[in-house]
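Undergrad: I have a structure here, written as structure tokens, and I will follow up with some questions on it.
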Amino acid sequence: MAEVKSVKASAKGVDQTPRKVGLIVSMIRGRSVADALLILENTPKRAAKPVAKVIASAKANAVNTHGLDGKTLRIETIQVSPGQRLKRFRAAAMGRALPYQKRTSHINVVVSGDVKPKKAATAASKESK
């Protein structure tokens, strides 16, 4: 039986409102990583690009750093939280200024999958040592 591990990735300060990013995240929650990336690639929303980047980063972390099998990766948890609000002013009539806030998001992803089995040492490599 293969060992199951979890790997995290996050993006902070994404220039999208948490509400808009949350709509995209709810479509892919609980799916496999390959399925989620395919869905995001064909989603015509601006928020799909940063979410896809975070999931691809989590996949790369899992495969390259932690030695997990890329085919078995699933999205364990994915959440969007509000980030810093940038306070701005819009010009209005009669010399006034109307305040508004540019909202940002933090995207956190945890993927889990099976650890790749290590290759058995061959007889040829043993003889050369």
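The values are calculated or read from the model by the stated rules, or taken from the named source; none is laboratory data. What you see is a predicted model, and the numbers here were worked out from it, not measured in a lab. Neighbour counts run over all protein chains shown; Cβ positions are idealised from the backbone, glycine included.
Undergrad: Answer yes if at least one residue in the range 96-110 is modelled with pLDDT of 95 or more, charged (D, E, K, R) and either outside any loop (DSSP other than H, G, I, E, B) or under 30 Å from Leu23 (Cα atoms) (or both), and no otherwise.
TA: Yes, some residue in the range 96-110 is modelled with pLDDT of 95 or more, charged (D, E, K, R) and either outside any loop (DSSP other than H, G, I, E, B) or under 30 Å from Leu23 (Cα atoms) (or both).
Undergrad: In this structure, is Ile39 closer than 17 Å to His106 by Cβ and either of a type in the set (Phe, Trp, Tyr) or free of Cβ contacts under 8 Å to residues at least 60 places away in the same chain (or both)?
TA: So Ile39 fails the test.
Undergrad: So Arg29 ticks every box in (1) surrounded by 14 or more Cβ atoms within 10 Å (Cβ to Cβ); (2) in contact with a strand residue (DSSP E or B) (Cβ under 6 Å, 6 or more places away or on another chain) but one. Which box is left unticked?
TA: (1)
Undergrad: Do we have any residue at all in the range 21-33 that's farther than 27 Å from Lys116 by Cα and not in a helix (DSSP H, G or I)?
TA: Looking through the range 21-33, none of the residues is farther than 27 Å from Lys116 by Cα and not in a helix (DSSP H, G or I).
Undergrad: Got a number for residues in the range 49-58 being surrounded by fewer than 19 Cβ atoms within 10 Å (Cβ to Cβ) and without any contact (Cβ under 8 Å) to a residue 40 or more places away in the chain?
TA: The total comes to 2.
Undergrad: Scan Lys5, Lys59, Lys71, Lys87 and give me the residue that is under 30 Å from Lys118 (Cβ atoms), part of a strand (DSSP E or B) and not polar (S, T, N, Q).
TA: Lys5
Undergrad: Which of the residues belonging to the range 60-110 are more than 23 Å from Asp15 (Cβ to Cβ) and exposed (fewer than 11 other Cβ atoms within 10 Å of the Cβ)?
TA: Residues satisfying the conditions are Asn64, Thr65, Ala92, Ala93, Met94, Gly95, Arg96.
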